[in-house]
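Asks: My questions will all concern the structure given below.
The values are calculated or read from the model by the stated rules, or taken from the named source; none is laboratory data. None of these values were measured; they are calculated from a predicted model. So basically every Cβ, Gly included, is an ideal-geometry build from the backbone, and we count neighbours across all protein chains shown. Ligands, DNA and RNA are stripped out before the accessible areas are found, and what is left, the full protein with its side chains, is counted by its heavy atoms. Shrake-Rupley method; radii C 1.70, N 1.55, O 1.52, S 1.80 Å.
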Amino acid sequence: SSFRDPKMARILTAIPQAIPFDRRTKLFSSLLRSDILKAQDETEAAQEMMRSMQRGEEGAEFTGRLRFEVRRDHLYEDSMDQLNKVGRRLRKRWQITFVSQYGQEESGIDGGGLFKEFLDDLMKDAFNPEVERDGIGGPLFVESPLQTLAVNTTMQPTQQALVHYQFLGRVLGKAVYESILVEPQFCLPFLNQLLSQYNTIDDLKNLDPEYYRHLNAIHKMSKTDFNSMGLTFELTVPSEDGKKPHVIELIPGGGSVPVTKDNVIRYVRLVAHRRLNVETAAQTNAFLRGFRDLIPASWVRLFSPYELQRLISGDDTVKGFDVNGLKNAMQYSGGYHPSQPIMHWFWEVVEEMTPSQQRNFLKFMTSCSRQPLLGFRVLAPLPCITKMRSERNDLSGKEWKLPISSTCMNLLKLPDYPSKEILKEKLLYAIESGSGFELS
């Protein structure tokens, strides 16, 4: 129903990769914009507030947005408690209020910056593979041998755990819905499942290459090896209580069916199927329920798994980033202008950076190390450099402050350095050490 041209709809449904990636990305963005216009239309809410004020009602409030109040030191818990109650209404605009560790509401009106700060912080916490969630016995995602995120299969998918996975699906869905790039890199089998695609044994190498090699090595075993190993169509897996492991059968009566040269291919495929599709099915289905509250399945099926990752985290096909693209999108404030010498120095320094340094700079300024698929002009708000006050009497550079970034506003606060050398030294130190980083 999203595609008006019947021929194009058939192509996009059956073989979307027949259409160039950039065209599909633009189509996806147009679908998002159209849905956002409807879901975040605040006209009726504004009119109702005006009518309330005209009737003289005290405390008339604007009700067009979802309001969330979260404690900074309980960000994950407060967010899950409030967001999971909303469901599909999460497509509406959010208004975030932070509460300090002292129980005081932080000053400031959320014009979009606080929301981005909130989502950035929440994504980092929610998908951190080192953070164990209370009551469920471990992290929700773990780091694979390829340093990508995979569902934690050592933790049992209890009902309580599935609520957490559904929440994470909604968080990622909101980031994609609002076109906010985020850092998490997911393993290919998980991305396949997000696209409702079936994983095969070849996908195992994108999760655990060593396990894949060992499993494939069974093909080359001799009959003597099979007899000595005594393999049957069963596996030993962790028990539901996480203590004593137990045995499960890959086929009915599998414990009495030996693995031989004749049936080894079937055995290998069943083991891979369990590892890739069965063990993570409950967690992934819960995640998908949350994700699809914001992003319909038909929209993401426009893309391959690798393309979906680029949609989530930005363009990783460019070494560093497109400096001219960022330069053309950059705004200037606080007294800075692109014609000033310091701005010429700044862009020379950025162009001279290594690809790794450029990515660190982009992460320092926008919270994501990869550039948007459709260029920097789609960032909201547009990237901006503003002048930061600093003492100007020290030409050596020792007393000059470091640059500061406000990632929630894609804003770089840059002192008016007296030379290119000092600018380069301070900027590289800030982006490589994290000094001078702030979110608000």
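Asks: Which of the residues that make up the stretch 133-169 are closer than 13 Å to residue 184 by Cβ, part of a loop (DSSP other than H, G, I, E, B) and not polar (S, T, N, Q)?
Replies: 139, 140
Asks: Now, a different point. Taking the residues in the stretch 226-240 that are open to solvent by 90 Å² or more (accessible area, probe 1.4 Å) and touching a His at 6+ places or on another chain (Cβ under 9 Å) as candidates, determine which candidate is modelled with the highest pLDDT.
Replies: Taking the candidates together, the pick is 236.
Asks: Using beta carbons and a limit of 9 Å, which pairs, at least six apart or on different chains, have the first residue in the stretch 68-79 and open to solvent by 70 Å² or more (accessible area, probe 1.4 Å) and the second one assigned to a helix (DSSP H, G or I) and among the small types (Gly, Ala, Ser)?
Replies: Nothing qualifies.
Asks: Contact list please: Cβ distance under 6 Å, first residue in the stretch 171-191 and under 23 Å from residue 376 (Cα atoms), second residue open to solvent by 10 Å² or more (accessible area, probe 1.4 Å) and part of a helix (DSSP H, G or I), pairs at least six apart or on different chains.
Replies: The qualifying pairs do not exist here.
Asks: For residue 130, all conditions in the list (1) open to solvent by 50 Å² or more (accessible area, probe 1.4 Å); (2) assigned to a helix (DSSP H, G or I) hold save one; what is the number of the exception?
Replies: (2)
Asks: Something else: Does residue 182 satisfy the criteria of being in a loop (DSSP other than H, G, I, E, B) and aliphatic (A, V, I, L, M)?
Replies: Judged against the criteria, residue 182 is a match.
Asks: While we're here: Quick one: residue 298 ticks every box in (1) closer than 29 Å to residue 154 by Cβ; (2) touching a Ser or Thr at 6+ places or on another chain (Cβ under 8 Å) except a single one, so which number is it?
Replies: Condition not satisfied by residue 298: (1).
Asks: Could you grab me the full set of residues in the stretch 403-436 that are buried (at least 16 other Cβ atoms within 10 Å of the Cβ), more than 21 Å from residue 376 (Cα to Cα) and at pLDDT below 90?
Replies: Scanning the stretch 403-436 gives a single hit, 436.
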